[in-house]
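Before any comments, here is the structure.
Derivation of every value follows stated rules applied to the coordinates shown; laboratory data play no part. The shown structure was predicted, so the numbers you read here are calculated from the model rather than taken from an experiment. Using ideal geometry, Cβ is built from the backbone for each residue, glycine included, and neighbour counts are taken over all protein chains shown.
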Amino acid sequence: MAPAVSPQLDVDRLIDDRRTRIIVCCGSGGVGKTTAAAALGLRAAERGRNVVVLTVDPARRLAQSMGLSSLDNTPRLVPTAGEASPRHGTAGSPPDAAQEGGSLHAMMLDMKRTFDEIVEAHADPDRAAQILANPFYQSLSSGFSGTQEYMAMEKLGQLRRSDEWDLIVVDTPPSRSALDFLDAPQRLGRFLDGRLLRLLTAPAKLGGRAYLRVLNAGFGVVTSVLTKILGAQVLRDAQTFVTALDTMFGGFRERADYTYQLLRAPGTAFLVIAAPEPDALREASYFVERLAVEGMPLAGLILNRVHRSPAARLSAARSLAAAESLQPADPPNGDQHGSEPPARAVRAGTEPHSLAIAALRLHAERMQLAAAERRLAESFTAAHPLIPVAEVPAQAEDVHDLAGLRVIGESFPPGS
Amino acid sequence: MSARDTDWEGVRLHVVTGKGGTGKTTVAAALALALASGGKRVLLIEVEGRQGIAQVFDCPPLPYQERKVAVAPGTATQPGGEVFALAADPEQALLEYLAMFYNLRHAGTALTKLGVVDFATTIAPGLRDVLLTGKAAEATRRRKGSKHVYDAVVMDAPPTGRIGRFLNVTAEVSGLARVGPTRSHADTVQKVISSPETAVHFVTVLEEMPVQETLDGIAELAGLGDGGLQAGGIMINMVHPLVLSPDQLRTAASGSVDEDELAMELKAAGLDDSRRLAAALAAELTEHARTVTGQRTQRRRLAGPGQPRYDLPMITDGIDLAGLYRIAAALRDQGAA
């Protein structure tokens, strides 16, 4: 059977389509997700869209290169015009027909501040102050494992409602597993809205009567176990917090549901980012399947950091054989029957050798790597034949300026 | 060849962290193998519920139970060792803890059904961490008679971004009960983690962000626990052997490879279309040289903190057991185990 061929993902068509209002980049950590999101945002802006990139944890120098030394939970304008790196020559220069009215903003999520702002916006000052000072709130707003994901979605909702940008690119949090991003907001909502927390807070609200009922239902044991493990103070803080919060807005679950619906709305497109490595592609597969189950609109897969060769016609085997033929013969006093192949000395770099031998060996290595990557990509395609894929070549150096981002943007393959 | 000096004599709990994508789990598994050689018993613990160890050792998903997953290679004079693995789970650990302190084993199932365990670990994220680190500390200290059950414990810990919070046990549960078993449990765990018996190793690749996270992580350790935690080695993963001489590297990085000369040699090697091929290979050389130059910069930065550094080979054909043993051998050869 011939290997399956994926449809080509046309990134430019996606970002040029004015109906696309939200692009969510997701994928496991270490695949270049933040860089890809920034490159998408820059390219869309330079093709005339008003873009904001919401990022969660950018590399410091990447942030600086976008003119964003102060990333403070507010979208900042990225100065994109007339800045080209001489190193990249013509590639990576801003387009001549500058901008056509596009613009790029970027912001970094401050999850605690976002949470604080929700509280401040919805409660009167006294109550807000009370909530903000609550120890349970403090640990929830900075420590809970779903808070970052939740706040990223909350911020996305805010940006969308403000209608100041016609395209929002979201770089999702570096979760342990990419799936956390879908689950965490609901998990937090469910938790804050949950039965146990309600029961614990019941006494405070109903003056004790419900508490008796709880006791009868056997929850006394539960409370006592929790008190033993957590201490009475933690439970009291949690109770105070939920009671204060409850009057503020109609339940966390509704808020989580709202953002969840936003993700499913027309105009949202998901891009799964992966590197051609087993773990990253396994995560990508899970994510693709999960998005389908949830009815989320998946635009395609960006396969990042793919190794290619400008001399792909020269196979690894022929390249190695050619290198071998250029290799000077072993010195006559060497042990000709030894098990060490003569190539070993060259590989270890201990012997002077011609540049051609090095070039041929490096080429063979690159071809082997490319073949391994292709096999991985093919197994993804075999399982998901309908998912469009765009391959982005590996960059030789870390990307930390706009020119570097442009080079990535330019390397998105054109549609078929 | 029996008594070898390694860089981590006296360390019994090895915490392995690293940025996502650097191969943290693979290196943790290889370290466990390396530590096990010479007839030792080593426990490898994972704490993130990913079943990464099962994937690395190509075995069925691990239960919450210590089970043997691999043997370390022996030699003519040395017996092989054993690696056990455990997928630690906060829920199970909490039930175990309740059973230990309150004799509440039977209530356990009911508590699980009601979601109490989930609730408790959600309401106090620090509790979750202390249960997981507690499991590693317990295994490290466990004795049978006068002897330790495990010669060493390796923990595949959370990524660098979260490692400080994860290991700062006492501070994490400071909001919890000020007295009582949770607190004294946390204090015991912190004592193990802060002791010279514990070292925190960092896995990185030679790229800017993972290196930055490694440097930040090492700096962070000094301020954790009671008087800082011991930084361990820096495991530099996926290292390519050097192919170019320093001169060749400079020439290639500046993009001034002599294509005519290259074409002549390619022709001598019997390759067709040598001019076009030379141009393509020159471009590959330049790209390679720039990558290597960037990696050298990162390598210099890693030398900053003065921690021992270990080079681990790039396994190009996918990590299988053979690859794992190769990385373990590299760790041993360089004195990490």
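Among B:Arg276, B:Arg50, B:Arg142, the largest mean-square fluctuation in a Gaussian network model of chain B (Cα springs under 10 Å) belongs to B:Arg276. Extending 7 Å from the Cα toward the beta-carbon at both B:Arg326 and A:Ala321 defines two label points whose distance is 2.4 nm.
Beta bridges assigned by DSSP with both partners in chain B are antiparallel in approximately 15 percent of cases. Report, to the nearest 10°, how far helix B:321-333 tilts away from the longest principal axis of the Cα atoms in chain B, using its own Cα long axis and a range of 0 to 90°. Between helix and principal axis, roughly 90 degrees.
By the beta-carbon count within 10 Å of each Cβ, the least crowded to most crowded order of B:Ser195, B:Ser174, fewest first, is B:Ser174, B:Ser195. All other residues whose Cβ lies under 11 angstrom from that of B:Asp272 are scored, Lys and Arg at +1 and Asp and Glu at -1, for a net of +4. Taking a straight line from the alpha carbon of A:Lys228, these aspartates and glutamates sit under 19 Å away, with near neighbours fewer than eight places off in the same chain left out: A:Asp237, B:Glu91, B:Glu96, B:Asp118, B:Asp129, B:Glu172, B:Asp187.
Hey, rough spin-label estimate for A:Asp126 and B:Arg275, points 7 angstrom out along Cα→Cβ, what's it come to in nanometres? So the label points at A:Asp126 and B:Arg275 sit 8.8 nm apart.
With a/c under 1.5 counting as rounded, go ahead and sort region B:246-290 into rounded, prolate or oblate using the C-alpha gyration tensor (a ≥ b ≥ c being the square roots of the eigenvalues; past the cut-off, prolate if a/b is larger than b/c, else oblate).
Since a/c reaches 1.5 and a/b is larger than b/c, the shape of region B:246-290 is classed as prolate.
Couplings 3J(HN,Hα) for region B:65-76, derived from phi with the Karplus relation 6.51 cos²θ - 1.76 cosθ + 1.60 (θ = phi - 60°), are 6, 6, 9, 6, 10, 7, 10, 7, x, x, 10, 4 Hz, where x marks Gly and Pro. Rounded, prolate or oblate: which one fits region B:247-337, using the alpha carbon gyration tensor with axes a ≥ b ≥ c (rounded when a/c is under 1.5, else prolate when a/b beats b/c, else oblate)? Because a/c hits 1.5 or more and a/b fails to exceed b/c, region B:247-337 counts as oblate.
GNM remark for chain B: springs join alpha carbons under 10 Å apart, and the peak mean-square fluctuation among B:Thr77, B:Thr122, B:Thr297 falls on B:Thr77. Rounded to the nearest 10 degrees, the inclination of helix B:259-268 to the longest alpha-carbon principal axis of chain B is 90 degrees. Straight-distance candidates among the lysines for linking to B:Lys40, with alpha-carbon spacing under 23 Å and chain neighbours fewer than 8 residues away dropped: B:Lys24, B:Lys68, B:Lys135, B:Lys144, B:Lys147. Compute the angle between helix B:105-114 and the longest alpha-carbon principal axis of chain B, please, reported from 0 to 90 degrees and rounded to the nearest 10. So the inclination is approximately 70 degrees. The smallest convex shape that holds all Cα atoms of chain B, its convex hull, gives 180 Å³ per residue. With coordinates expressed along the principal axes, the C-alpha atoms belonging to region A:110-175 extend over 37, 28, 12 Å, beginning with the largest. Only helices enter this figure: runs of n ≥ 4 DSSP H residues, each worth -39500 (n - 2.57), summed and divided by the residues of chain B, yield -15500 deg cm²/dmol at 222 nm to the nearest 500. Taking amide H as placed 1.01 Å from N in the peptide plane, the amide H of B:Ala85 sits under 5 Å from that of B:Leu44, B:Arg67, B:Lys68, B:Val69, each at least 5 places away or on another chain. For A:His105, the residues 5 or more places off, or on other chains, whose built amide H falls under 5 Å of its own are A:Val51, A:Val52, A:Val53, A:Val78.
Enumerate the lysines that A:Lys112 could reach by cross-link, defined here as Cα to Cα under 18 Å, with residues fewer than 8 away along the same chain left out. List returned: A:Lys155. Can you give the FRET efficiency for B:Arg301 and B:Thr75, using 1/(1 + (r/R0)^6), R0 = 45 Å, r = Cβ-Cβ distance, to the nearest 0.05? About 0.75, to the nearest 0.05.
Among the GluC sites (Glu not before Pro) in region B:1-84, which ones are in a DSSP loop with at most 14 other Cβ atoms within 10 Å of the Cβ? Mind listing them? Intermediate results must be reported in sequence, preceding the final value.
Working: sites: B:Glu9, B:Glu46, B:Glu48, B:Glu66, B:Glu82; in loops: B:Glu9, B:Glu48, B:Glu66.
The qualifying sites are B:Glu9.
The modelled label-to-label distance between B:Arg67 and B:Asp247, using points 7 Å beyond Cα along the C-beta direction, is 5.9 nm.
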